[in-house]
Amino acid sequence: MPPNQALSQEEIVQRIKDRFGNAVTGAGAHGGQSHVVVKREEIIPILTFLKNDRELQFDFLADVTIVDHLYLEVPDLPERFAVVYSLASMGCGHRFRVKAAVPESDPRLDSACALWKAALWGEREAHDMFGIEFTGNPDLRRLLMPADYNGFPLRKDYPLRGRGERESFQQYRRGAD
Amino acid sequence: MGNVLENLNPDSFTKDTVFINSLENLINLTRANSVWPLTFGLACCAIEMMATGASKYDIDRFGSGPFRATPRQADLMIVAGTVTHKMAPRVKRLYDMMPEPKYVLAMGGCVIRGGPYVKYGYHVVKGVDLIVPVDVYVPGCPPRPEALLEGIFKIQKLMMREKIGDRARKSTKPEVYQPA
Ligand code: SF4
């Protein structure tokens, strides 16, 4: 098959399953785009394969985001968090999603910074909002919230009305006028 | 101004008070008709602020055209948009960097009291008046350009009341309020 040709979603899933059969715990599709669920120990080898394979060529990381399945029963994803990598290939024109299951008790995942520079900020934001530790990310500070902020606001168990950010805000008043 | 000068008794020029009063008027008149705002677009309200600056509403008619990109040259801070907790220290710092006498115009529901985020926003400061003293509030989500212009007229009225000997009136450091 000549390179730089878009593969169908099924073909991509098949290629990943052929190569990493044991690591893939599930697969699904949504909105015309498939995804695979993989064990988190295997995430970096799989992403490396997706990036470097001659026919896949996923050279662009579109987004790193997280799904919190706190009140959801997802059959092939028993853990609470799923870290979602949205990949795209500029050369071939296909797109794909990879999900890594991350348990609540030990929210850690290897960083993909070495593969795509875009992962630097994507993982910072994911860390900021959901508290997942990306081991190997050289600059895992908060991205959107202030550095002294407590808690992870997009987790499903974060209280809707906040944790007193409104009341505990340090106020300044106009001086004697 | 004209009337003031015509009705003056020439003898009274020797008296300081008359002279100081008219100088004050003159200075206030020039200041109020060249209010230079600090560019401060934080969210959707800033789009309406830009519309106010563009040709249709033409804020230049009232001398407020030059939006300054540095606080050192600005008289007025138009806070337009959502002030997040992360942005709050920066807003305060820019306000502190502006030279006296300075004014703040709070534009939009977000800046006044948190706007759509008033109940459920973990990230929004519920009113910029918690950080800096606000002189004029312009409600709306977003306020129409006419409303912003009206707010600037209010600022101009405040400027006409300035006293020369009182320029540092607002520089008293705001006390830090600790909620009980
Ligand atoms: S008040 Fe409304 S229009 Fe203005 S910044 Fe807030 S949400 Fe946007």
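To the nearest ten degrees, helix A:43-52 and the longest principal axis of the Cα atoms of chain A are 60 degrees apart.
The mean number of Cβ atoms from other chains found within 10 Å of a Cβ in peptide A:137-146 is 2, as a whole number.
Which pairs, out of B:K119/B:K157; A:K156/B:K86; B:K56/B:K154; A:K117/B:K92; B:K56/B:K126; B:K92/B:K157, put more than 30 Å between their alpha-carbon atoms? Pairs exceeding 30 Å: B:K119/B:K157; A:K117/B:K92; B:K56/B:K126. Computed over chain A with a Gaussian network model linking Cα atoms closer than 10 Å, the most mobile of A:D59, A:D68, A:D18 is A:D18. For region A:9-112, the Cα-based Rg and Dmax, in that order, read 13.0, 40 Å.
Computed from backbone phi with θ = phi - 60° and the Karplus coefficients 6.51, -1.76 and 1.60, the 3J(HN,Hα) list for region B:33-42 is 9, 9, 6, 9, x, 7, 5, 9, x, 10 Hz; x is used for glycine and proline.
Sequence-ordered 3J(HN,Hα) estimates for region A:109-124 from the Karplus curve with 6.51, -1.76 and 1.60 and θ = phi - 60° stand at 7, 6, 7, 9, 4, 5, 8, 10, 5, 4, 5, 3, 7, x, 6, 4 Hz, glycine and proline given as x. One quarter of the surface of the convex hull around the alpha-carbon atoms of the protein assembly as shown equals 24.7 nm², the direction-averaged projected area. B:P143: net charge of surrounding residues, Cβ under 10 Å, Lys/Arg +1, Asp/Glu -1, itself excluded? Here the count lands on -2.
Annotation: amide H of B:Y103 within the under-5 Å range of B:L76, B:M77, sequence separation 5 or more or interchain, hydrogens built in the peptide plane.
Where a number appears in this text, it was derived from the coordinates with a stated rule and is not lab data. A quick note: this is a predicted structure, and the numbers were derived from the prediction, not measured. Using ideal geometry, Cβ is built from the backbone for each residue, glycine included, and neighbour counts are taken over all protein chains shown.
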